[in-house]
Amino acid sequence: MTQNLYASFEAQFRAHAPATALHMDGRADWSYAELEAQASRAAGALLAFGVKPGDRVVAQTPKCAEAVALYLGCLKAGAVYVPLNTAYTRAEVDYFLGDAEPALFVADVGADTSGVAVQVATMDAAGRGTFSEAASGATPCDATAPRAADDLAAIVYTSGTTGRSKGAMLTHANLASNAEALCAAWGFTSADTQLHALPIFHVHGLFVALHCAFLTGSSLAFLLRFDARNCMAWLPRCTVMMGVPTFYTRLLASVGFSRGLCEGVRVFISGSAPLAEQTFDAFAERTGHRILERYGMSETLMNTSNPLHGERVAGTVGFSLPGVEARVVDEDAAPRPVGEVGDIEVRGPNVFTGYWRMPDKTAAEMRPDGFFRTGDLGVMDAHGRLSIVGRAKDLVISGGYNVYPKEIERLIDAMPEVAESAVIGVPHPDFGEGVVAVVQPVADAVALAAVSAALDGQLARFKQPKQVVCVAELPRNAMGKVQKNVLRDRYANLFAERP
Ligand code: MLC
Ligand code: AMP
């Protein structure tokens, strides 16, 4: 029997054919029958483009229903879906295309694809473009490609501490097991309507959110981007919302965001970045809802979750999901005592098979007993409840997007007026953490505008520093290493008053 994840979705699509899959702003809803038909047409188009099982398909498309059909079509055709953040620049995209070697790149209609060495199709925000033209002309693909449990379904790129992005290889079994665990843990049924305002190029919006709907035949209020006012307009029709902490702080900051709007919602879920206790408390006070926080990452999908029924504790990420083991250990993998900080490692059917074409990096992060080293620091209590207390990896999480300092420092250090730089994240009222470049200039002070100009076209805008601070000398430890913790403390209030 095939282990293709799409087969499980298809059974639900057929069981719930007349139900609404996607409610949308300003255009006709899609039923599950329509979604299935569109997925079959997308799979047919992929075949027409010569895509074969195991081939990569890179997608950097605006969020739209047709992009969801493209993802499903890839699964159905047995292709490996490789989503890219729409903010990535041409320079970043070139790297991903070179690394993934896709059979097809589906780009935004407006993107510059001149000189791209792979086959290109296009899609715009309304789902139009050469991909959709091919899909409407193609013979729908009725047969779902047979796939084994450990065949790849997706590669999700995550930046690395060395500055080079790594592709996390996720199998059909990884995605299926995690989706099943989440549907059970969060009590999804066909009666749910989930507010979906996340982007669909990261595991949160793509796998966690969509799969909970597709495995249960529940509905999505499919919003093209997060806008607090629009979310407030949709919330009364929704039973579940998933978001990054910035969604919740922005809702709380919105005039008119009230308990009444949330009356039909059974659970608000947060992840991808730490949810501040103040946000948890303020949300509970305003709405009566205790946000359910969970913890995951691209390499492992979701690992732990606060309970649907039972105490949700602010500042904790809850218990291991069914089938997932999480442990807190020291450098040698020896367990840390209850209540003491250590490295978080996870094992289970959710854990990826490795980094695409990077066996050394895979080996470095994988323990011989199958545990994956997350790079997050945590504490476990006596009941198995996990709290994340920091990161061993040099990473900034801004509005739920990961930003790796190395990638930015490399480009700033190349500026002739810069002797050396250190990029850090400091508390930011809107994004949780804001990116700051601490720069040691060669002579005159270096302005934010100069840094932005140097990075434009090279790095997505969300990765670019929101502030530049010049120092005579970067603080160093006895080994000569820049002490980022000193800088983080020194500039902790930089964004305090600036939303
Ligand atoms: C946008 N900007 C950001 C930013 N998002 N800057 C820093 N951090 C961010 N996250 C900048 C843009 O570059 C632009 O700057 C300006 O803000 C306005 O852009 P925008 O697109 O209009 O912003 P907005 O719509 O307000 O976006 C903010 C946001 C968005 C929070 C809604 O970032 C978002 O949807 N985040 C969700 C990320 C996510 O899905 N993460 C999941 C990862 S999976 P300029 O200078 O160009 O004007 C994962 C695993 C897990 O982590 O556990 O889930
Ligand atoms: P990504 O590589 O984009 O998948 O990001 C994964 C990282 O996001 C994790 O390794 C954590 O550092 C962080 N993360 C995800 N969820 C949470 C959470 N609930 N609390 C704190 N950090 C989180």
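The values are calculated or read from the model by the stated rules, or taken from the named source; none is laboratory data. Since this is a predicted model, take the numbers as computed values, not measurements. Here the Cβ is made from the backbone with ideal geometry for all residues, glycine too, and neighbour counts use every protein chain on show. To get the accessible areas, we keep the full protein, side chains included, count just its heavy atoms, and leave off ligands, DNA and RNA. Shrake-Rupley method; radii C 1.70, N 1.55, O 1.52, S 1.80 Å.
Taking the Cα centre of segment 396-497 as origin and charging only Cβ (+1 Lys, Arg; -1 Asp, Glu), how large is the dipole, in debye to the nearest 20? Numbers along the way, then the final one.
Working: 10 positive and 12 negative charges, 61 e Å.
Taking the Cα centre of segment 396-497 as origin, the dipole is about 300 debye.
Sequence neighbours fewer than 8 away in the same chain don't count; with that in mind, list the aspartates and glutamates whose C-alpha is under 13 Å from Lys63.
Excluding near neighbours in sequence, the set is Asp25, Asp108, Asp124.
Of all accessible surface on the chain at a 1.4 Å probe, what whole percent is carbon and sulfur?
Working: 10190 of 19320 Å².
On the chain, the fraction of accessible area on carbon and sulfur atoms equals 53 percent.
Taking Cα centroids, how far is segment 431-484 from segment 1-77 in Å?
For segment 431-484 versus segment 1-77, the Cα centre distance is 42 Å.
Between Arg27 and Asp444, what is the spin-label point distance in nm, taking each point 7 Å from the Cα along the Cα→C-beta axis?
Using points 7 Å along Cα→Cβ, the separation is 5.0 nm.
Restricting things to alpha carbons, tell me how big the chain is in terms of Rg and Dmax, in Å.
22.4, 68
State the extension gain, in nm to one decimal, for the chain segment bounded by Ala333 and Ser190, taking 0.36 nm per residue of separation less the distance between their alpha-carbons. Let's see the in-between values first.
Details: separation 143, 0.36 × 143 = 51.48 nm, distance 4.20 nm.
Taking 0.36 nm per residue and subtracting the Cα distance, the gain is 47.3 nm.
With a Förster radius of 35 Å, plug the Cβ-Cβ distance of Ala478 and Asp369 into 1/(1 + (r/R0)^6) and report the FRET value to the nearest 0.05. Before the final figure, lay out the partial values.
Values: r = 35 Å, r/R0 = 1.00.
Step by step, r from the Cβ atoms, then E = 0.50.
About its Cα centre, what dipole magnitude does the chain give when the only charges are +1 on Lys and Arg Cβ and -1 on Asp and Glu Cβ, stated in debye to the nearest 20? Mind showing how you got there, number by number?
Values: 43 positive and 53 negative charges, 98 e Å.
My answer is approximately 480 debye.
Against the empirical 2.2 N^0.38 Å scaling, what ratio does the C-alpha Rg of segment 438-483 come to? The partial results should precede the final answer.
Numbers: Rg = 12.6 Å, N = 46, 2.2 N^0.38 = 9.4 Å.
Output field value: 1.34.
For an R0 of 22 angstrom, estimate the FRET efficiency from the Cβ-Cβ distance between Arg286 and Arg266 and round to the nearest 0.05.
Details: r = 17 Å, r/R0 = 0.77.
Efficiency, from the Cβ-Cβ distance: 0.80.
Quick check for you: with a 1.4 Å probe and neighbouring chains kept, what is the accessible area per residue of segment 267-406, in Å²? Please list the in-between numbers first.
Details: 5740 Å² over 140 residues.
Normalised by residue count, the accessible surface of segment 267-406 is 41 Å².
Once the piece of chain linking Val471 and Leu308 is laid out straight, how much longer is it, given 0.36 nm per residue of separation minus the C-alpha distance between them?
Working: separation 163, 0.36 × 163 = 58.68 nm, distance 4.81 nm.
That pair, Val471 and Leu308, stretches by 53.9 nm at full extension.
For an R0 of 56 angstrom, estimate the FRET efficiency from the Cβ-Cβ distance between Val389 and Thr130 and round to the nearest 0.05.
Details: r = 48 Å, r/R0 = 0.87.
After rounding, the FRET efficiency stands at 0.70.
Just from its helices, what would the mean residue ellipticity at 222 nm be for the chain, if runs of 4 or more DSSP H residues each count -39500 (n - 2.57) and the sum is divided by every residue, rounded to the nearest 500 deg cm²/dmol?
-8000 deg cm²/dmol
Multiply the residue gap between Arg90 and Arg14 by 0.36 nm, knock off their C-alpha separation, and tell me the result in nm, one decimal place. Spell out each step's value before the answer.
Numbers: separation 76, 0.36 × 76 = 27.36 nm, distance 3.96 nm.
Using 0.36 nm per residue and subtracting the Cα-Cα distance, I get 23.4 nm.
What does the net charge come to around Glu407 if you take all other residues with beta carbon closer than 10 Å to its beta carbon, with K and R at +1 and D and E at -1? Show your work: numbers first, answer last.
Working: positive: Arg164, Lys406, Arg410, Lys463; negative: Glu92, Glu409.
That works out to +2.
May I ask what percent, to the nearest 5, of DSSP beta bridges between residues of the chain are antiparallel?
On the way: 47 of 78 bridges.
Taking every DSSP beta bridge with both residues in the chain, the antiparallel ones total about 60 percent.
Taking the inverse of the average 1/r across all pairs of different Cα atoms in segment 300-426, what Kirkwood radius in Å do you get? The partial results should precede the final answer.
Details: mean 1/r = 0.0608 Å⁻¹.
One decimal place: 16.5 Å for the Kirkwood radius.
If I model a spin label as a point 7 Å beyond the Cα along the Cα-Cβ vector, how far apart are those points for Ala37 and Arg225 in nm?
Label at Ala37, label at Arg225, 3.1 nm between them.
Could you tell me the distance between the Cα centroids of segment 79-142 and segment 302-373, to the nearest Å?
34
Do any of Lys406/Lys484; Lys361/Lys466; Lys52/Lys361; Lys166/Lys466; Lys166/Lys406; Lys76/Lys166 go past 21 Å between their Cα atoms, and which?
On the way: Lys406/Lys484 12 Å; Lys361/Lys466 31 Å; Lys52/Lys361 28 Å; Lys166/Lys466 25 Å; Lys166/Lys406 14 Å; Lys76/Lys166 25 Å.
Those over the limit are Lys361/Lys466; Lys52/Lys361; Lys166/Lys466; Lys76/Lys166.
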